[in-house]
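Undergrad: I have a structure here, written as C-alpha cells, and I will follow up with some questions on it.
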Amino acid sequence: MSSATPRRISKILVANRGEIALRVMRTARALGRRTVAVYSAADAHAPHVAFADEAVLLGAAELSASYLNVDALLAAALRTGADAVHPGYGLLSENAAFARACLAAGLTFIGPRPETIELMGDKRRARVAVQEAGVLCVPGYDGEAQDDATLTREAARVGFPLMVKARAGGGGRGMRRVNVTNELPEALTRARSEAQKAFGDDGLILERVIEDARHVELQVFGDEHGHVLHLGERDCSAQRRFQKIIEEAPSPAVDAALRARMGEVAVLAASCAGYIGAGTVEFLLAVDRSFYFLEMNTRLQVEHPVTELVTGLDLVAWQIQIAEGAELPMRQDEVQLTGHAIEARLYAEDPARGFLPGAGTVRCLRVPEGPLVRVDHGLTEGLVVSPYYDPLLAKVVAHGATREQARGRLLQALSELRVLGLPTNQAFLCSVLADERFERGELTTSTIERSFQPTALTPGRETLGVAAVISVVRAQAAQCGSRELLGFVNSVGVAWPITLEHDSGVAVLSVAPEREAGAFRVEVQGEWLQVRCLSHAPDASVLMVAGVQRRFEHAFEGTQLWLHGHEGAIRFRDVTHSERVAVEQGSGRAIAPMDGAVIDVPVQVGQTVVRGDTLAVVSAMKLELRVCADVDGVVAEVHAARGDQVKARKLLVAVRPG
C-alpha cells in the first residue's frame, strides 16, 4: 500500500477463523464486498465457513498445514479471484513475510506495510525507534547480544523483579516474571523455547516490572496520506498469565488531560513508523500517572469492540476503506467517546485446574441478546472445539451510559450465556466483574494473579437434586436405563441411590418417584427435596423445585451431564454402576492434563528420575505444559512419543517408585 491511488476492493479473503473471521465478513458484506473463507479439516463445519460467499479448504487441522500455510492461502485467493486479504488477529496478522507475499501476488493487504510490521513486531527495534522519536519506554535491555552471560549481567543492571519477554509476537507467550537472580536461568530457557515455537524467533528483551501498574492501550489509525489519529484508550489490566480477560473503554484511571497526553505519544509512536491502518500502542500506567511504552500491535485487537461501542465507529470498515486508499474519515477533534463499554473473553479453559485449556463439543448454546449487549462468537451447537487452536470462544460486550451500567449489563449477559459441553471460564469472569475492586476500578495487572484463587464449582442442594432428576428422566424417556432403574421409575415411594461425580467431589443421592407424574423426592445431604419435571427436552428441562419453577439448560455426553445451575455450568458423571478410577499423587503415573499434542518425551524406559523431573511436555491451544514425576524411581513404561495426539488423562509415562 505504498500508493495513495484510490482502488476498490471487491472480494476479500479472510485469512483467519472463528469469531474474528465472522466479524470481518459481516462488515465486508455490509459494504457490498464479497468474502472468501478458508478453513482446516477440523473447521469444515464452522460458522465462518457457512457465512462466507465462498470457502476453500487449506489442509489438515495442524496450523502449519492450514492457517499458517502461506502458499495455500495465496492459492485460495487466486482460485477464487479475491483481490484483498484481511488477516484478522493472531495467526499471520503480524507476519511481515505474509504481508509481503500478498502484495507480490497482486493482492491488497488490509493492514500496515510489511516494513512497519517488521519494525514494530520486533520489540527491540520498536523500543529503539520510539525512543529515538522521544517516547519513554519501560527501563530494560534491548540489545543484540543474547548470550546468557550478557542477559544475566543486564538483568542485574535492570534490577529485580523484571520481565523476560520474547522480542517477537505477543499474546503472553515467551514471557516470564523473574523475582530473584536464581530464577533467571530457567526463565530464559523457557521463554526462548516458547518464543521459538510460537514466532520462529528466540530473541529476548528484559524489562523492569512496574509494580501495581495498569495496562492501558490506545487505538490508532493512519492512512496513506500521512494522517494519524487515536480513538481513545482501553484498560486491559484484568489479566492472568499476561493474557487479557476483561477490557474496557475508557479507562477508569484516565481523565481527559491524561488521555490527551497519552494520545499524543501514541500518535507520535505510530507516526515514526509511517503507520497505515489499524494499530494499538500499549503502555504501562504507573501509580504516579507516568506511563511507559510497551509495544505496538500492528493489527486489529481482540478487544476492539469496546472502542467501537464508545465511538460508534466500525473499525473494520475503516480498515477496508484505508486499504482502498481513502483518507481517515474524521479529524482528531471530531472523535467523541460516549458512555462506557466492557468486554469479557470467554475461553475454553478450566480455572480450577490452573486455567488448563479444554477441548470438547458444544452441546448446548444460548447467546444473550439486547440492544446494548454484543456477543462476537463463532460457535454453533455440535461444533467441535479442537486443541489445535486458540481457546478463545467468544467475546461478550456491554455498553452503558456509565461504567456501572455497563458492568451490570455485562454481568447479566454472562449469567444468561450458556455454553455447555466443555469447560469455560464463565463463572470466573463473573467473579472478577462482581469483585468490589473491579467495581471501584482498581484492578492492576497483578491483581488477578495475586488475589483471585479460582476453585471448582461446588453444586448446592438444589443443583444436586436437579441433576439427579434430569438424569433419571432422561433415562426413562430414552428407555435406556438398567433393569433396576426401570423398576425404580415404576415403583412409587421406593428410593434408589444415584452417585454423581463432579469436579469438587462425589454426591451420593437417593431418588424416589411420587404418584404425581414427573414428581420426585430427592434425598440430598440428609434432607428431602421436592422436584417435579414439568417438561423435558434434550437441551433443557423445566422443573418445579421446592415450589419454584425454573428452566435448566443441560447437555449429555455418554455418562456425563453438563448442567447450568445457580452456581454456573457444572459437569457431572453418573458413576452409580461403574467403578471410579482415581490416580493419587505419588503413584508414579504421569497422565495427560488435557487433550493435546505431545511435543517432547525426554525419558526412556530404565532411566532413573527424581520427583519434579519432566517426563513429557504436552501442548494445546497455545499452552505448553510439563508433566513431571511425582515420585523418585525408575521409568517403567513409556506410552507416548513426540507428535502423538493424546486425550486428557491418557497415561504417558509410568515410574516405578524406589
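Undergrad: If I ask for residues that are in a loop (DSSP other than H, G, I, E, B), at pLDDT 90 or above and acidic (Asp, Glu), which ones from region 128-182 would you list?
TA: Asp147
Undergrad: Moving on to the next point. Would you confirm whether or not region 152-160 contains a residue that is of a type in the set (Ser, Thr, Tyr), under 19 Å from Thr298 (Cβ atoms) and over 27 Å from the mean Cα position of the chain (by Cα)?
TA: Looking through region 152-160, none of the residues is of a type in the set (Ser, Thr, Tyr), under 19 Å from Thr298 (Cβ atoms) and over 27 Å from the mean Cα position of the chain (by Cα).
Undergrad: Follow-up. Keeping to region 389-413, report how many residues are in a loop (DSSP other than H, G, I, E, B) and surrounded by fewer than 21 Cβ atoms within 10 Å (Cβ to Cβ).
TA: Total meeting the criteria: 3.
Undergrad: When residues of region 219-244 are filtered for being touching a Ser or Thr at 6+ places or on another chain (Cβ under 6 Å) and acidic (Asp, Glu), how many remain?
TA: 2
Undergrad: Of all residues in region 194-217, count the ones that are touching a residue at least 60 places away in the same chain (Cβ under 8 Å) and within 21 Å of Pro391 (Cα to Cα).
TA: Adding up the residues that qualify gives 3.
Undergrad: Another question, then. Filter region 149-191 down to residues that are buried (at least 20 other Cβ atoms within 10 Å of the Cβ) and basic (Lys, Arg) and give me whichever is nearest to Asp122 (Cα to Cα).
TA: Arg167
Undergrad: Is there a residue being of a type in the set (A, V, I, L, M) and either under 30 Å from Arg153 (Cα atoms) or modelled with pLDDT under 95 (or both) anywhere in region 110-119?
TA: yes
Undergrad: I would also like to ask the following. Which residue, of Glu567, Glu584, is surrounded by fewer than 21 Cβ atoms within 10 Å (Cβ to Cβ), acidic (Asp, Glu), modelled with pLDDT under 80 and not assigned by TED's automatic domain parsing to the domain that holds Pro351?
TA: Result of the check over Glu567, Glu584: Glu584.
Undergrad: Out of region 637-658, which residues are touching a residue at least 40 places away in the same chain (Cβ under 8 Å) and outside any loop (DSSP other than H, G, I, E, B)?
TA: Gln645, Val646, Leu651, Leu652, Val653, Ala654, Val655, Arg656, Pro657
Undergrad: Then there is this: How many of the residues in region 599-640 are under 22 Å from Leu63 (Cβ atoms), at pLDDT below 90 and hydrophobic (A, V, I, L, M, F, W, C)?
TA: So the answer is 7.
Undergrad: What number of residues within region 93-110 are hydrophobic (A, V, I, L, M, F, W, C), surrounded by fewer than 23 Cβ atoms within 10 Å (Cβ to Cβ) and outside any helix (DSSP H, G or I)?
TA: Counting residues in region 93-110 that are hydrophobic (A, V, I, L, M, F, W, C), surrounded by fewer than 23 Cβ atoms within 10 Å (Cβ to Cβ) and outside any helix (DSSP H, G or I) gives 2.
Undergrad: Looking at Gln146 and the list (1) closer than 22 Å to Ala195 by Cβ; (2) crowded, with 19+ Cβ neighbours inside 10 Å; (3) of a type in the set (S, T, N, Q); (4) touching a residue at least 12 places away in the same chain (Cβ under 8 Å), which single condition is not satisfied?
TA: Evaluating Gln146 over (1) closer than 22 Å to Ala195 by Cβ; (2) crowded, with 19+ Cβ neighbours inside 10 Å; (3) of a type in the set (S, T, N, Q); (4) touching a residue at least 12 places away in the same chain (Cβ under 8 Å) leaves (2) as the failure.
Undergrad: Shifting gears a bit: Just one of the numbered conditions (1) outside any helix (DSSP H, G or I); (2) among the aliphatic types (A, V, I, L, M); (3) within 13 Å of Val14 (Cβ to Cβ) is not true of Ala61; which one?
TA: (3)
Undergrad: Another question about this same structure. Restricting to region 433-467, give me the number of residues that are surrounded by 22 or more Cβ atoms within 10 Å (Cβ to Cβ) and assigned to a helix (DSSP H, G or I).
TA: 6
Undergrad: How many residues are closer than 22 Å to Gly174 by Cα and assigned to a strand (DSSP E or B) when one looks only at region 603-636?
TA: Summing the residues that are closer than 22 Å to Gly174 by Cα and assigned to a strand (DSSP E or B) in region 603-636 gives 13.
The values are calculated or read from the model by the stated rules, or taken from the named source; none is laboratory data. Fair warning: this is a prediction, and the values are worked out from it, not measured in the lab. Neighbour counts run over all protein chains shown; Cβ positions are idealised from the backbone, glycine included.
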